[in-house]
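J.: Next up is a structure, given as structure tokens.
The values are calculated or read from the model by the stated rules, or taken from the named source; none is laboratory data. The shown structure was predicted, so the numbers you read here are calculated from the model rather than taken from an experiment. Methodologically, a virtual Cβ is constructed for each residue, glycine included, from the backbone with ideal geometry; neighbour enumeration extends over all protein chains shown.
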2 protein chains.
Amino acid sequence: MTMDTLTVNLGARSYPIHIGPDLLQQPAWFAQTLKGRQAMVVTNHTVAPLYLDTLQQTLTSSGADLTDPVILPDGESFKTLHTLETLYTALLERRLDRSGVLIALGGGVIGDITGFAAASYQRGIDFIQVPTTLLSQVDSSVGGKTGVNHPLGKNMIGAFHQPRLVLIDTHTLNTLSDRELRAGIAEVIKYGLIDDPEFFRWLEQHLPRLLAREPEALAFAIRRSCADKARVVAEDERESGRRALLNLGHTFGHAIETGLGYGQWLHGEAVAAGMVMAARMSCHMGWLQASEVARITALIEAAGLPVTPPADLSADRFRALMAVDKKVQQGRLRLVLMQGIGGALVTADFDPRALDHTLAGLASP
Amino acid sequence: MTMDTLTVNLGARSYPIHIGPDLLQQPAWFAQTLKGRQAMVVTNHTVAPLYLDTLQQTLTSSGADLTDPVILPDGESFKTLHTLETLYTALLERRLDRSGVLIALGGGVIGDITGFAAASYQRGIDFIQVPTTLLSQVDSSVGGKTGVNHPLGKNMIGAFHQPRLVLIDTHTLNTLSDRELRAGIAEVIKYGLIDDPEFFRWLEQHLPRLLAREPEALAFAIRRSCADKARVVAEDERESGRRALLNLGHTFGHAIETGLGYGQWLHGEAVAAGMVMAARMSCHMGWLQASEVARITALIEAAGLPVTPPADLSADRFRALMAVDKKVQQGRLRLVLMQGIGGALVTADFDPRALDHTLAGLASP
């Protein structure tokens, strides 16, 4: 299995994504960014026993001036302003200065909160993403979206702050739970649905290999997903247009996560159900054929992911939760829908009855 | 008295500073930014009874879609993550979306916290500065530094986020307390010391007119200060170099503010004492003549500002507090010192004994 490097092209803020086995043990990837600089790892209690010692040894070998790590509790319910405050306190107690670097070791929650701490500590310091879940490897570690949740809405507080480097050690997936692996596959499927129908067909054929954790298949899916994402981010870093496509399934999904309470469903699970909702609504609009909805639903179901939202979220509650989505503009809800598989689009011009049907149909199946 | 417009030149992020009497009552200045957009004013309990109604009427006339304002308690001790959280909650409850605009009506605390809320709400929305204190008019409202304090260090959490517009209504100074006016004069004097010796001489001659609140003199001092600041910010927006000069007196000053507890001394008062400390230290280095230290001290004293730090802050405490300054790099403290009046420079190459003498001399005068 080979090592691959992709680049996120953002002018002065461009950075590499290195993908390959055992990269966590190779100081060379870190040395250019870290040599002679203060560095602090942020991770959680699940990941720390598995990879923290290895990473810290590698960082020390790379020439970093390492300070004590911060180990946070694991889970979306800790992606809060309160946790952020404990991070700031740790940074000040350890006297990390503006030239210091944070290293996020973990999944999407660790990456998002560490990234926002880096964006806002002393008005911005550098950080490195070392994602250890499939979901964070294919999605959240790339593109510079950072932030925390608010009880009234997911990811409502944050910043665009690009990492200096993303390092994906594919061997970290060996310790991932099946549930977390499946949640990551939801975001992988998303790239096929947005604008990569060839990848969608590949997934229809090779999903069992991903579920069986075949290294070559996983590495291909990660590379392809990162390449798809890097292209969209390079075109529209701050989501003034096309980047919003990456939120396919997320408006419905965020409503599920916020409505149930953060951490009840994994982010990828909520996005999976949200993508099926977007597909059904696109079908109500006449933009997607029933046979395409069936293919999408079948693939998501085969991945062991939910295809309907939780039964106890009413249509009214969905509406209220979706009204605070970041894609709302001038009071109008915008949704990512599909005109065919691989033909996602962002639109506020949808028939409200299509949304009614989608919410009604799902809340009482 | 005439209306003046300066521009902060930052490419796509450039914005105007309008300075003049009664601008708060003139919708035209706001219309271009606000017409047809959601807008929310953030102010405090001191300023609200004086100017909130007037501003809200003007904003409505400008075509803004105004939602209920947020009125915060007054003072530096409220420039916290906790207050920020109440702002996020208000924004979500009022359903301000990404196209909404915040308007900061008040002094530096209101501007800094509103600016950071704008920088981080939904990963960044627009905001407008309407500064009502001399200090915020000549300094904090211009240049995009936003943030809140941490118990361990001032302004340690924040972002660079430029406003879309700064509107300075010079009539708001009529209601400012003498103490607040003097605190603002400290930052005015700072510009003379940094790189504008001609302005310093003007201040030596015309200080009594400022203290007597002569409108023409105040307007001149505001214009000159804003022009000096806008020039430095345009050259170095994110403080990788020259912009650090604007922190003259601030490393000592922040130590005073943090050490005493936020709000005990006004920011301008702490900066005043800090500038005298920087002058004395520059003299110990042989960079400033004793006669120049005397002129600086005399001007600051004539403005009714403190020229020594509080007696109960020991030299050791100063050192500990200064060690977390944002200008510390790779463990080395950098200070803004002066080679002559108008010749400020940032340096880590100072004789540590000059700092010893400065701290020892002041702590036990």
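J.: Report yes if residue B:268 is in contact (Cβ under 8 Å) with a residue 40 or more places away in the chain and either under 22 Å from residue B:21 (Cα atoms) or more than 14 Å from the chain's Cα centre (by Cα) (or both), otherwise no.
T.: Spelling it out, it is not the case that residue B:268 is in contact (Cβ under 8 Å) with a residue 40 or more places away in the chain and either under 22 Å from residue B:21 (Cα atoms) or more than 14 Å from the chain's Cα centre (by Cα) (or both).
J.: Do we find a residue being assigned to a helix (DSSP H, G or I) and under 26 Å from residue B:196 (Cβ atoms) anywhere in the range B:309-320?
T.: No: zero hits.
J.: Is the range B:333-340 home to any residue that is within 17 Å of residue B:204 (Cβ to Cβ) and either within 14 Å of chain A (Cβ to nearest Cβ) or surrounded by fewer than 16 Cβ atoms within 10 Å (Cβ to Cβ) (or both)?
T.: Yes, there is a match, as at least one residue in the range B:333-340 is within 17 Å of residue B:204 (Cβ to Cβ) and either within 14 Å of chain A (Cβ to nearest Cβ) or surrounded by fewer than 16 Cβ atoms within 10 Å (Cβ to Cβ) (or both).
J.: Suppose we keep only residues that are part of a loop (DSSP other than H, G, I, E, B) and among the aliphatic types (A, V, I, L, M) within the range B:281-308. Which one would you say is nearest to the other protein chains (Cβ to nearest Cβ)?
T.: Among those residues, the one meeting the criterion is B:285.
This table checks each residue for (1) more than 14 Å from chain A (Cβ to nearest Cβ); (2) without any contact (Cβ under 8 Å) to a residue 12 or more places away in the chain; (3) not acidic (Asp, Glu).
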site	(1), (2), (3)
B:4	yes, no, no
B:9	yes, no, yes
B:17	yes, no, yes
B:24	yes, no, yes
B:28	yes, no, yes
B:42	yes, no, yes
B:54	yes, no, yes
B:63	no, no, yes
B:67	no, no, yes
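J.: Mind checking which residues of the range A:129-153 are under 30 Å from residue A:224 (Cβ atoms) and either within 10 Å of chain B (Cβ to nearest Cβ) or among the hydrophobic types (A, V, I, L, M, F, W, C) (or both)?
T.: A:130, A:134, A:135, A:138, A:142, A:144, A:145, A:146, A:147, A:148
J.: Right, next: If you scan the range A:341-365, which residues turn out to be surrounded by 14 or more Cβ atoms within 10 Å (Cβ to Cβ) and part of a loop (DSSP other than H, G, I, E, B)?
T.: Residues satisfying the conditions are A:341, A:342, A:343, A:350.
J.: Would you say residue B:126 is more than 8 Å from chain A (Cβ to nearest Cβ) and surrounded by 24 or more Cβ atoms within 10 Å (Cβ to Cβ)?
T.: no
J.: Any idea which of A:273, A:221, A:279 is outside the structural domain of residue A:148 (by TED's automatic domain parsing), without any contact (Cβ under 8 Å) to a residue 40 or more places away in the chain and crowded, with 21+ Cβ neighbours inside 10 Å? Steps first, please.
T.: Values: A:221 fails: without any contact (Cβ under 8 Å) to a residue 40 or more places away in the chain; A:279 fails: without any contact (Cβ under 8 Å) to a residue 40 or more places away in the chain.
Sole residue among the options that is outside the structural domain of residue A:148 (by TED's automatic domain parsing), without any contact (Cβ under 8 Å) to a residue 40 or more places away in the chain and crowded, with 21+ Cβ neighbours inside 10 Å: A:273.
J.: Same structure, new question: Is one or more of the residues making up the range A:30-40 of a type outside the set (Phe, Trp, Tyr), away from chain B (no Cβ under 14 Å), in a loop (DSSP other than H, G, I, E, B) and surrounded by fewer than 19 Cβ atoms within 10 Å (Cβ to Cβ)?
T.: No, the conditions are met nowhere in the range A:30-40.
J.: Only one of A:97, A:74 is acidic (Asp, Glu) and either within 30 Å of residue A:260 (Cβ to Cβ) or in contact with an Asp or Glu (Cβ under 7 Å, 6 or more places away or on another chain) (or both); which?
T.: Just one listed residue meets the conditions, A:74.
J.: Let me ask you something else. Mind listing just one residue for me: the one in the range A:312-361 that is in contact with a Leu (Cβ under 9 Å, 6 or more places away or on another chain) and either at pLDDT below 90 or not assigned by TED's automatic domain parsing to the domain that holds residue A:269 (or both) and, of those, nearest to residue A:288 (Cα to Cα)?
T.: A:327
J.: Do you know which of the residues in the range B:152-166 that are among the aliphatic types (A, V, I, L, M) and surrounded by fewer than 22 Cβ atoms within 10 Å (Cβ to Cβ) is nearest to residue B:101 (Cα to Cα)?
T.: My answer is B:165.
J.: Looking at B:100, B:111, B:106, B:75, can you tell me which residue is outside the structural domain of residue B:230 (by TED's automatic domain parsing) and out of contact with any strand residue (DSSP E or B) (no Cβ under 6 Å at 6 or more places or on another chain)?
T.: B:75
J.: Looking at the range B:88-123, which of its residues are surrounded by fewer than 21 Cβ atoms within 10 Å (Cβ to Cβ) and more than 8 Å from chain A (Cβ to nearest Cβ)?
T.: Within the range B:88-123, B:90, B:94 meet the criteria.
J.: Give just the number: which of (1) under 16 Å from the mean Cα position of the chain (by Cα); (2) more than 14 Å from every other protein chain (Cβ to nearest Cβ) does residue B:172 not satisfy?
T.: (1)
J.: Check whether at least one residue in the range B:16-38 is of a type in the set (A, V, I, L, M, F, W, C), in contact with a His (Cβ under 8 Å, 6 or more places away or on another chain), modelled with pLDDT of 95 or more and not assigned by TED's automatic domain parsing to the domain that holds residue B:234, and report yes or no.
T.: So far as the range B:16-38 goes, yes, one or more of its residues are of a type in the set (A, V, I, L, M, F, W, C), in contact with a His (Cβ under 8 Å, 6 or more places away or on another chain), modelled with pLDDT of 95 or more and not assigned by TED's automatic domain parsing to the domain that holds residue B:234.
J.: Go through B:50, B:6 for me and flag whichever is assigned to a helix (DSSP H, G or I) and under 17 Å from residue B:131 (Cβ atoms).
T.: Only one candidate passes the filter, namely B:50.
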